[in-house]
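A short worksheet on the structure shown next.
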């Protein structure tokens with residue numbers, strides 16, 4: 001779109017690589033409790 005392409009002409013792409021990143025402290029501040037299992041399965045835990 002920045003190069004003048006129409007949004008409808010741009011091919012959508014997906015990635016086969018998905019990674020879970022979690023921030024337990026940010027979740028806690030929002031009243032959300034992340035399970036230990038979820039945190040352990042995360043590729044990256046942000047402190």
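The values are calculated or read from the model by the stated rules, or taken from the named source; none is laboratory data. Keep in mind that this is a model prediction, so the values were computed, not measured. Reconstructed Cβ throughout: ideal geometry from the backbone, glycine too, with neighbour counts over all protein chains shown.
Looking for something part of a loop (DSSP other than H, G, I, E, B), free of Cβ contacts under 8 Å to residues at least 60 places away in the same chain and at positive phi - is there at least one such residue anywhere in region 8-21?
Quick first cut of region 8-21, residues part of a loop (DSSP other than H, G, I, E, B) only: 10-20.
From what's left, free of Cβ contacts under 8 Å to residues at least 60 places away in the same chain: 10-20.
Applying the additional criterion that residues be at positive phi yields none.
So far as region 8-21 goes, no, none of its residues is part of a loop (DSSP other than H, G, I, E, B), free of Cβ contacts under 8 Å to residues at least 60 places away in the same chain and at positive phi.
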Identify the single condition in (1) at pLDDT 95 or above; (2) surrounded by fewer than 10 Cβ atoms within 10 Å (Cβ to Cβ); (3) within 16 Å of the chain's Cα centre (by Cα) that residue 20 does not satisfy, given that it satisfies every other one. (2)
